[in-house]
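Comments concern the structure below.
The values are calculated or read from the model by the stated rules, or taken from the named source; none is laboratory data. Just so it is clear, the model here is predicted, and its values are computed rather than measured. A quick note on method: Cβ atoms are made from the backbone with ideal geometry, for glycine too, and the neighbour counts reach across all protein chains shown. These area figures cover heavy atoms from the full protein model, side chains too; ligands, DNA and RNA do not enter into them. Shrake-Rupley method; radii C 1.70, N 1.55, O 1.52, S 1.80 Å.
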Amino acid sequence: MAVHRELFNRRLHSLLGVVPIGLYLVTHLVVNHFAVYGEEEFNRAAGFMGNLPFLILLEIFVIYLPILFHAVLGVYIAFTANYNLKNYSFFRNWMFALQRITGIVTLIFIVWHVWETRVQKALGVVEVNYSLMESILSSPFMFWFYVVGVISTVFHFSNGLWGFMVTWGITQSPKSQKITTYGVVVVFLVLSYIGVRSLIAFAYGV
Amino acid sequence: MAEQKTITFIITRQDGPDSAPYEETFEVPYRKNMNVISGLMEIRKNPVNAKGEKTTPVQWDMNCLEEVCGACSMVINGVPRQSCAALVDELETPVRLAPMSTFPVVRDLIIDRERMFDALKQVKAWIPIDGTHDLGPGPRMPEKKRQWAYELSKCMTCGVCLESCPNVNDKSNFIGPAALSQARLFNAHPTGEMNKSERLDGLMQEGGVSGCGNAQNCVQVCPKGIPLTTSIAAMNRATNIQAFKNFFGSDNAH
Ligand code: HEM
Ligand code: SF4
Ligand code: FES
């Protein structure tokens, strides 16, 4: 049978959103939460992540390439929709639009965030540690930029989990899809809390 | 004599496939229980617009007049639906009529739904039983399953689900929800099942099931109450399994 390239790309896009990107996101947010317990705790946890063996290979294959693929196809998907919330203001249609809007916001956020941290580290300009995040986030503008970025990413991931369950044919009935909606609302709230709590710790030291 | 009550229709018209659309307003004499089509018939009888100018009669498509053929779909006050089943008494006035924007306009409110029939061909939404000799009776279908399948079989290719779908547009090749659900219907049939993988192959081609982005407007607007989003998720599962079979399975996967 013919090669189904479009189907393959879309399924790969869906899978990468959860494994590895989604799993990485959760790990990243949980590690950041060490900031709440103090500077030393955070530096120890971040240091562990930053000194994993084969770090550059892990980064390339678990983070950079998957996000690059997901983002490029994601932008294409976002721009090939005709948004019609005005005539059809149903809940799922809103989620459809928000999934795409948060995808774009997340992309802008990630590019800036990676530039400011990982790229500057590679250029030898900064060291990635508590005080770097403290100096970035003590500016109110950057603090709110990060709050929006984190919530947007977490929303995109949570609602994405819902879509993932449909894309892989796991939730089919309206009832199972509805219960999954409640489930991902919980995921959204919990991850948003963890993410924003760390930002507050960096910015205000509390 | 009491003055005759009228209903205002504001109609988006287009003289031909390539001409520019324009709006024209009509005052139509009111009758109790009239539907949108009877309003259009009044305009055809007396094609004079609200300014009193003589104009061409508004063209539209219709057939069954009982919401089973799907031919008369149009956008009525912003909502795509069947004009034969749209009662004027239940509509806000002025009544705005426009052709469904997803399809090429032939003239005025007549649109060309050929892309839907092409989609049905892509997913082979029929059961091939014609041959040179009598194949005998096929396998029987359990009554409960028949009742369930009957709901899916109510689709009249009316196009309302495509019209409401943000992913069906000229930037994307998505064939739309109706055909995806029809593939599920024919794959569930005991005889149709024998050609299951061919339909799944159609779903896996460009514009097939992967074009869905789960906005789920289709299931809200379908006049036949077809569980389109359940069908799509079921076809997601079926195509995933088929893809694995094709890749990992033996060479006689069908
Ligand atoms: C932290 C980064 C990201 C994570 C964790 C993530 C996660 C996910 C997940 C889990 C899905 C659901 C897949 C599905 O529907 O089956 C998804 C879908 C989507 N993502 Fe992302 N994503 C990320 C970044 C991005 C970026 C940067 C874009 C670029 C615009 C993007 C655009 C999209 C789009 C458009 C969809 C919807 C696909 C569809 O419904 O067919 N994502 N994402
Ligand atoms: S699925 Fe429903 S809305 Fe779509 S074409 Fe069939 S009858 Fe019309
Ligand atoms: S004329 Fe057949 S559905 Fe309206």
So if R0 is 56 Å, what FRET efficiency would A:Val190 and B:Ser38 give, r being the distance between their Cβ atoms, rounded to the nearest 0.05? 0.50
Would you work out which of B:Ile76, B:Ser197, B:Ser164 lies farthest towards the positive end of the dipole of the protein assembly as shown? Charges go on Cβ: Lys and Arg +1, Asp and Glu -1. B:Ser197
Over the protein assembly as shown, what is the percentage of antiparallel beta bridges among all DSSP beta bridges, to the nearest 5? 85
If I compute solvent accessible area with a 1.4 Å probe over the protein chains, what percent of it on segment A:1-55 is carbon and sulfur? 68
Return the loop-located GluC sites (Glu not before Pro) in segment A:110-206 (DSSP other than H, G, I, E, B) with at most 16 other Cβ atoms within 10 Å of their own Cβ; answer none if there are none. A:Glu127
Centroid-to-centroid separation of segment B:1-65 and segment B:132-166 [C-alpha atoms, Å]: 36
Of the residues B:Gln14, B:Gln122, B:Gln147, which exhibits the maximal mean-square fluctuation in a Gaussian network model of chain B defined by a 10 Å Cα contact cut-off? B:Gln147
Of the accessible area of segment B:12-97, computed with a 1.4 Å probe and all protein chains kept, carbon and sulfur make up a percent value of 47
For chain B, just list the percent of Cα-Cα distances falling in each 5 Å bin from zero outward, please. 1, 6, 12, 15, 15, 13, 11, 8, 7, 5, 3, 2, 1, 0, 0, 0, 0
Working from Cα positions, state the angle (0 to 90°, nearest 10) between the long axis of helix A:65-79 and the longest principal axis of chain A. 50
12 Å beta-carbon shell around B:Asn236, net charge (K/R +1, D/E -1): +4
At most 15 other Cβ within 10 Å, DSSP loop - trypsin sites (Lys or Arg not before Pro), segment B:116-153: B:Arg140
GNM result for chain B, Cα springs below 10 Å: residue of B:Arg237, B:Arg81, B:Arg115 fluctuating most strongly: B:Arg237
At 0.36 nm per residue, minus the direct Cα-Cα distance, what do A:Val30 and A:Glu59 gain on full extension? Give it in nm, one decimal, please. 8.7 nm
Each residue of B:77-83 has, on average, a number of other protein chain C-beta atoms within 10 Å of its C-beta equal to 1
Would you tell me the mean number of C-beta atoms belonging to other protein chains that fall within 10 Å of each C-beta in B:239-247, as a whole number? 3
For segment A:2-204, whose charge dipole is built from +1 on Lys and Arg Cβ atoms and -1 on Asp and Glu Cβ atoms, the candidate among A:Leu73, A:Phe91, A:Val150 with its Cα farthest towards the positive end is A:Phe91
What are the residues whose amide H is under 5 Å from the amide H of B:Leu91, where those residues sit 5 or more places off or on another chain and H is modelled from the backbone? none
Using the crude model of +1 on Lys and Arg Cβ and -1 on Asp and Glu Cβ, and no other charge, please compute the dipole size for the protein assembly as shown relative to its Cα centre, in debye to 20. 820
Give, as a single signed number, the net charge of other residues whose beta carbon lies under 10 Å from the beta carbon of B:Cys84, with Lys and Arg counted +1 and Asp and Glu -1. -1
For the protein assembly as shown, with +1 on Lys and Arg beta carbons and -1 on Asp and Glu, the positive-most of B:Phe248, B:Ile232, B:Gly138 along the dipole: B:Gly138
Students often forget the sequence filter, so: which aspartates and glutamates lie under 12 Å Cα-Cα from B:Lys51 once same-chain residues fewer than 8 apart are removed? B:Glu24, B:Glu27
Taking a ≥ b ≥ c as the square roots of the eigenvalues of the Cα gyration tensor of segment B:24-165, is the shape rounded (a/c under 1.5), prolate (a/b larger than b/c) or oblate? prolate
By the DSSP-based rule, helices of chain B that are at least 20 Å long along the axis (C-alpha) and have a mean Kyte score of at least -0.5 are B:228-248
Summing both sides, how much accessible area is buried between A and B? Use a 1.4 Å probe and give Å² to the nearest 100. 2900
Taking the Cα centre of segment A:2-204 as origin, work out the dipole magnitude from +1 charges on Lys and Arg Cβ and -1 charges on Asp and Glu Cβ, in debye rounded to 20. 960
Neighbourhood charge, 11 Å Cβ-Cβ cut-off, centred on B:Ser19 and excluding it, Lys, Arg +1 and Asp, Glu -1: -1
If exposed GluC sites (Glu not before Pro) are those in a DSSP loop with at most 10 other Cβ within 10 Å, what is the longest stretch of chain B that has none? B:93-254
Exactly which trypsin sites (Lys or Arg not before Pro) in segment A:1-106 are in a DSSP loop and have at most 15 other Cβ atoms within 10 Å? A:Lys86
Taking a cut-off of 27 Å between Cα atoms, list the lysines near A:Lys178, but don't count ones fewer than 8 places away on the same chain. A:Lys86, B:Lys144, B:Lys145, B:Lys154, B:Lys224
3J(HN,Hα) from dihedral phi, segment A:186-196, Karplus parametrisation 6.51/-1.76/1.60, rounded to Hz, x for glycine, proline: 5, 4, 4, 5, 5, 5, 4, 4, 4, x, 6
Residue with peak Gaussian network fluctuation, chain A [Cα springs, cutoff 10 Å], from A:Phe34, A:Phe79, A:Phe42: A:Phe79
How many Cβ atoms of partner chains, on average, are near each residue of A:159-168 if near means within 10 Å of its Cβ? 3
Can you show me the helix-derived [θ] at 222 nm for the protein assembly as shown, built from DSSP H runs with n ≥ 4 at -39,500 (n - 2.57) apiece and divided by the number of residues, rounded to the nearest 500. -16000 deg cm²/dmol
Dividing the convex hull volume of the alpha carbon atoms of chain A by its residue count, what do you get in Å³ per residue? 152
For the protein assembly as shown, alpha-carbon Rg over 2.2 N^0.38 Å: 1.22
Over the protein assembly as shown, with the other protein chains present, what is the accessible area per residue in square angstrom, probe 1.4 angstrom? 52
